[in-house]
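The values are calculated or read from the model by the stated rules, or taken from the named source; none is laboratory data. These numbers come from a predicted model, not from an experiment. Glycine also receives a Cβ, built like all others from the backbone with ideal geometry; neighbour counts cover every protein chain displayed.
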Amino acid sequence: MTIAAVVAIFAAAVGFVVAALTLGFSMAPGWREKRWFSVVSLSQGAYSAFNTIFTLHGVSDGVNISVSRVQMSCAYVFGATLIVYTVRRLGKALSVVDKVLIGLTCAAIVAAYIPNGLYTNIVDHEYVPALGLTYAIVRPTTFGAVLMSLIAIDICAALAHFLAAARNGVQGLAAPCTGLGISLLVALCDVFTSSGLLPFPYLADVGFMIFIALIGVEMVQRFVEGAKSLERLTERLEVRVKERTLELNSMHSQLLRAEKLAAIGQLSAGVAHEINNPAAAIEANLRYLDRALLEEYEFPEDARDCVDESLMGVQRIARIVRQLLDAGRSASQTQGHEYPLCQAIDAAARAACTATRRHVEIDIRVSNELIVAGDQQLLEQVFANVLTNAIQAMPPEREGKITIEATEEDDLVQVLVQDSGTGMSEQTLKRALEPFFTTRALNEGTGLGLSVSLGLLHAVNGELWIESELGVGTRVHVMLRKPSRAQSTGAFATVSGGY
């Protein structure tokens, strides 16, 4: 194998390798323009690969002519795509001159396959003493010799773009300018050699290879710098993430403290508001009685009314305190017990009817053997509050009815308490679970029943939510957990009446 063939094969390998690497890099964001350079590298590799044919002995003239046409097509593809790559890399648009040159180069590709278009059918064998080898050269036509200069013109156009950008302060253009300068020199040398004006060997594949290699090295350096920059950015980002995490944890702790303080403030304001009215009435009555005893040395005629009013105020305060204590029960005090659900509901129904002194039909449809976990007294308090609200929502002029049903699903029990009362408006429903919110008269309710019930249920991982429609009635859903071994037999206990 000749030296020229070895050089051509090496140049082809460089072109193909750089084309493959460039195509891979072009898939990443910020490397899109490299797609065109992969075509430039591929055409350079093909051009150099075909160049080995002309230095081999025993190749027919017909093969040399066909290979010359294909090789020249690769050279024209190299020139046209080189212009597009240059413009894309610089972020510019193709100028009119660029479009004209690309159009002429594409026309030259077509002309290469026309008989007697670029080449004649004559093959000259030229001996180069410097290399000690003979080239098989297909003689170009006059028109073909002129069109061969298009490659040099395309390189000049690309070089002009890079030089203009470098003058405008664009950095990193040393490699392409140097590579294109070398490619331009060897391209002109090959044009003169193929025309018989210079006795030099053909060096276009070497010049193109140098350009491709320089851009390949530049691309690898850019990739390495990008990786290093990404690593530095990652390190800084990790530090910032740690700092932000610490700040977030600190802010989260502050937020929790602020929420606790806000909850305490809201609770304190509600307690103060609810206790202030009866306390003010008690104080006024005591001052009135005290003044009467000091001035008249005897109780006034309305002393009994003052005492009754004061007792009612004390009872109201005691009721508020008792419900607040219920709300403060911890989960540790309410877990670990198992008991029949119907037993707790039955006791709650009796307590609610006794407290309200109303005759209401309560239909309890709960399995006798349905077992739930928690504290029975706690659950009785929850259902007593729910049933008391339901009974008080019944119009006194007509008999009401409350239905209590329980359904099971996996380890959960859902209890539905449905009444035939007046229901709630949308605005009332939104505030139904707020502490101290009530629609009843001052001495008829504290507004803590449902909110306390919700807190007690949360203590045993339960839940409570309400559905209501004005004029239709209210449905209270209570979600409870049951022991995994508890099974329902399907038997029901029905309790009717007002207890």
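Computed values, structure above
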read-out: Output for the range 31-74, where each listed residue is without any contact (Cβ under 8 Å) to a residue 60 or more places away in the chain and farther than 30 Å from Y127 by Cβ; value: W31, R32, E33, R35, W36, S38, V39, L42
read-out: Per-region count, the range 299-321, residues part of a helix (DSSP H, G or I) and out of contact with any Ser or Thr (no Cβ under 8 Å at 6 or more places or on another chain); value: 16
read-out: Residues of the range 24-48 that turn out to be under 18 Å from F208 (Cβ atoms) and not polar (S, T, N, Q), as a count; value: 9
read-out: Which listed residue, of A349, A344, A390, A355, is closer than 20 Å to L450 by Cα and surrounded by fewer than 21 Cβ atoms within 10 Å (Cβ to Cβ); value: A355
read-out: Among the residues listed as L230, L261, the single one being out of contact with any Lys or Arg (no Cβ under 7 Å at 6 or more places or on another chain), surrounded by fewer than 13 Cβ atoms within 10 Å (Cβ to Cβ), assigned to a helix (DSSP H, G or I) and at pLDDT 75 or above; value: L230
read-out: Residue within the range 195-211 that is polar (S, T, N, Q), surrounded by 11 or more Cβ atoms within 10 Å (Cβ to Cβ), assigned by TED's automatic domain parsing to the domain that holds D154 and modelled with pLDDT under 80 present; value: yes
read-out: Some residue of the range 26-40 being crowded, with 24+ Cβ neighbours inside 10 Å, touching a Cys at 6+ places or on another chain (Cβ under 6 Å) and closer than 26 Å to G144 by Cα; value: no
read-out: Close pairs from the range 386-407: first on the phi < 0 side of the Ramachandran plot and part of a loop (DSSP other than H, G, I, E, B), partner surrounded by fewer than 20 Cβ atoms within 10 Å (Cβ to Cβ) and of a type in the set (K, R), Cβ under 8 Å, at least 6 apart; value: M394/R358; P396/R358
read-out: Qualifying residue in the range 109-130 (condition: at pLDDT 80 or above, of a type outside the set (S, T, Y) and within 51 Å of the chain's Cα centre (by Cα)); value: yes
read-out: Residue within the range 361-378 that is assigned by TED's automatic domain parsing to the domain that holds L457 and more than 19 Å from V478 (Cα to Cα) present; value: yes
read-out: Among the candidates V14, V63, V59, V39, residue that is touching a Phe, Trp or Tyr at 6+ places or on another chain (Cβ under 9 Å) and of a type in the set (V, I, T); value: V39
read-out: Residue in the range 65-84 that is charged (D, E, K, R), part of a helix (DSSP H, G or I) and either surrounded by fewer than 22 Cβ atoms within 10 Å (Cβ to Cβ) or not assigned by TED's automatic domain parsing to the domain that holds M219 (or both) present; value: yes
read-out: Neighbours by Cβ (under 8 Å, 6+ apart or cross-chain): first from the range 109-125, in the same structural domain as S60 (by TED's automatic domain parsing) and assigned to a strand (DSSP E or B); second of a type in the set (D, E) and surrounded by fewer than 17 Cβ atoms within 10 Å (Cβ to Cβ); value: N121/D61; V123/D61
read-out: Selected residue (only one of S95, S73 is modelled with pLDDT of 90 or more, closer than 18 Å to M209 by Cα and of a type in the set (S, T, N, Q)); value: S73
read-out: Test result for L104, crowded, with 19+ Cβ neighbours inside 10 Å, of a type outside the set (S, T, N, Q) and assigned to a helix (DSSP H, G or I); value: no
read-out: Scan of the range 323-341 for residues that are at pLDDT 70 or above and surrounded by fewer than 17 Cβ atoms within 10 Å (Cβ to Cβ), ordered by number; value: H337, E338, Y339
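A quick yes/no check of all residues on (1) surrounded by 16 or more Cβ atoms within 10 Å (Cβ to Cβ); (2) of a type in the set (A, V, I, L, M, F, W, C):
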residue: N368; (1), (2): no, no
residue: I371; (1), (2): yes, yes
residue: E380; (1), (2): yes, no
residue: L416; (1), (2): no, yes
